[in-house]
Structures are given as structure tokens and as C-alpha cells.
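What follows is one structure encoded as C-alpha cells, with my remarks underneath.
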Amino acid sequence: MSSTPGFSSGMSLDGNSGVDPTVSQFLLSLRGIAKNFGAVQAVQHVDLDVPAGQVTALIGDNGAGKTVLIKTVAGIWGPSSGQIYWNGEEVHIHSPREAEALGIATVYQDLALCDNLDIVQNMYLGHEETRFSMLDEIKMELATKKTLSELSVSTVKSVRQLVGSLSGGQRQAIAVTRAVMRDSKLVIMDEPTAALGVAQTAQVLALIRRLADRGIAVLYISHNLNDVFSVADRIAVMHLGTLVSHGPVANYDTTSAVELITTGETKRTPAASAPAN
Ligand SMILES: Nc1ncnc2c1ncn2[C@@H]1O[C@H](COP(=O)(O)OP(=O)(O)OP(=O)(O)O)[C@@H](O)[C@H]1O
Ligand SMILES: [Mg+2]
């Protein structure tokens, strides 16, 4: 009997011999994901596991392929090759709606919120609650207040405030809260704190932690290693379109993370690039 490959070994099982059994342990697993744009290979051979209830930080230099990778999971485009597993089952995600139906919410940096609508309206846009063919404003308002309070989002004055009047951090919080209200199981955040000040960043990081503590898987892209080390349970590093390392945050320190980001390898902590659980 051959031994089972390590879970972050970067190797898929041979396609002929069936599915890698480790995928059933994770909410989301990517195997051999590649994405080309014509001759440009933006992402190649990515094997990544994302567990529920943990924050997985996806890091890498500009152009490393982070956004392209998460957009394959978010249904913006299909992978050129490779498989996506959701709770151990292979899925084909053809659109953001299909991703949402699985429980995948993506919060992009340029948030798709409507400035001219208030917080409640943004929460329910396209999913409005109705009662006797009328919008059930009270139900939506109460549910919005409840979720904001459960997530300790306390800085917004009124749920009837127009989103256009909110600060960047508050807008992030609303976008994340909306993902929670839609019962998302995986929340993907692409540089949610890039435009935020210190206090607002701290609020969003705390919110990310609370999502994970509620059992939600968070896939969090960031360039800020301080933020990454303060909130992540796991780290995944991309370099020139490939995933060069991933494992528990304890396997990394700032120096090894910077080396992996800039060169794709590190000698500093051998554990960082070794299979680990
Ligand atoms: N729609 C597209 N068409 C062609 N090439 C693209 C497209 N989107 C991204 N790319 C290319 O794919 C590569 C990876 O880009 P990606 O946006 O994933 O980088 P990133 O890791 O998110 O970088 P950053 O940290 O700067 O956001 C880049 O070389 C980019 O030019
Ligand atoms: Mg990007």
C-alpha cells in the first residue's frame, strides 16, 4: 500500500486513481487549478485546502495570482483546468449566483454596495423579504440589527443610514455582515483593509475573527503581514502564479513569509514549506 500524500504536499493524486481523499476534510479544496488568459498563465497547479472555522490568509506579491485564483472560486470565471471540491464533492461554479447558492460570499475591495440605499436595503438587495406581496421592512430591519449586534458592529448609528454616508471600515463591516446574513459558509475577502486606517482595520480584523469563531471559513487576501499574523490560522503563499507554501500560521514568521513572497522559497523555517496539519 502506498502512503497517503501529506495534506499540503502540493501534489494531487494521479487523476486516474481517483479523488484525493483529503478533500473530504475541508470545506473547500482546490486541486490542480490553473487559469490562463490567452498565453498568460496567471495561475498554475494550485492545490489549496480551506477549513471551516478558520482564517486562511492568501498572501503574495502584486500579480502573484491571488485575485485570479479567488475569482475562480467566486464564479467570475471557470478554471482553465483543475477541480474545485466543496465539502468533498466536486463542484463546477459557473457564476457568482452559483457560488452564492453554495454559501460562498466574496467581498471585493471595490465593494458592490449601493451608496444611494440604506443599510437594510443593501443587506437584502435582490433577496427582499415580503409579506402579503409587500416588503417586510420591519422583519428586514430587525434581522439586520440582530446580525450587526451579534457581530459587534456597533459604530453604525442607524440601519436606515445611507451606505454612501458610511466610512470605509463601516462599509466593509456592512459587506461582511451581508455575507453572514446570507448564511455564507465561506467568506472570501480581497484586501478588505487596504484603504482603511488603524482603528478601522482593527475593527475589520476583529470581525474576520468573529466570523471564523462562528464556524465560517474565511479566505483573506492581504499585503499587510502584521494583519495576517494577527488574524490568520493558516497561511497560503502565492508566487508567480503558483502556490509555493501553505500550512498553519505557526509554521511561518515574518521573515520566512517575506522570503516566500519575494522568491517563492525559504530556508529559514523548513516547516514552512513542509506538509503539516
Ligand atoms: N482579466 C485578465 N486578463 C488577462 N490577464 C489578467 C487578468 N486578470 C489578471 N491577469 C493577470 O494575471 C496575473 C495575476 O493577477 P492577479 O490580479 O491575480 O494578481 P494579485 O496576486 O491579485 O495581485 P495584487 O496583489 O496586485 O492584487 C497578473 O499577471 C495579471 O496581469
Ligand atoms: Mg489582487
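Things to note:
- Restricting attention to region 152-207 and to residues that are within 16 Å of ligand 2 (Cβ to nearest atom) and among the charged types (D, E, K, R), the residue that is modelled with the lowest pLDDT turns out to be Glu191.
Residue by residue, here is whether (1) away from ligand 1 (no atom under 14 Å from the Cβ); (2) modelled with pLDDT of 95 or more; (3) in contact with a helix residue (DSSP H, G or I) (Cβ under 6 Å, 6 or more places away or on another chain) holds:
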| site | (1), (2), (3) |
| --- | --- |
| Phe7 | yes, no, yes |
| Met11 | yes, no, no |
| Pro21 | yes, no, no |
| Ser24 | yes, no, no |
| Leu28 | yes, yes, no |
| Gly65 | no, yes, no |
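- Output for region 56-103, where each listed residue is of a type in the set (A, V, I, L, M), more than 16 Å from ligand 2 (Cβ to nearest atom) and either touching a residue at least 60 places away in the same chain (Cβ under 8 Å) or touching a Lys or Arg at 6+ places or on another chain (Cβ under 7 Å) (or both): Leu102
- Every residue from region 232-259 that is surrounded by 23 or more Cβ atoms within 10 Å (Cβ to Cβ), more than 13 Å from the chain's Cα centre (by Cα) and under 25 Å from Gln200 (Cα atoms): Ala257
So that you can scan it fast, the table gives a plain yes or no per residue for (1) at positive phi; (2) free of Cβ contacts under 8 Å to residues at least 12 places away in the same chain; (3) within 16 Å of ligand 1 (Cβ to nearest atom); (4) touching a helix residue (DSSP H, G or I) at 6+ places or on another chain (Cβ under 8 Å):
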residue: Gln172; (1), (2), (3), (4): no, no, no, yes
residue: Val187; (1), (2), (3), (4): no, no, no, yes
residue: Glu191; (1), (2), (3), (4): yes, no, yes, no
residue: Leu205; (1), (2), (3), (4): no, no, no, yes
residue: Arg210; (1), (2), (3), (4): no, no, no, no
residue: Gly215; (1), (2), (3), (4): yes, no, no, no
residue: Val218; (1), (2), (3), (4): no, no, no, yes
residue: Ser230; (1), (2), (3), (4): no, no, no, yes
residue: Arg234; (1), (2), (3), (4): no, no, no, yes
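- Flag for Val159 being assigned to a loop (DSSP other than H, G, I, E, B) and either without any contact (Cβ under 8 Å) to a residue 24 or more places away in the chain or more than 13 Å from Gln54 (Cα to Cα) (or both): yes
The values are calculated or read from the model by the stated rules, or taken from the named source; none is laboratory data. Keep in mind it's a predicted model, so treat the numbers as computed, not measured. Quick reminder, even Gly has a Cβ in these numbers, built from the backbone with ideal geometry, and neighbours come from all protein chains shown.
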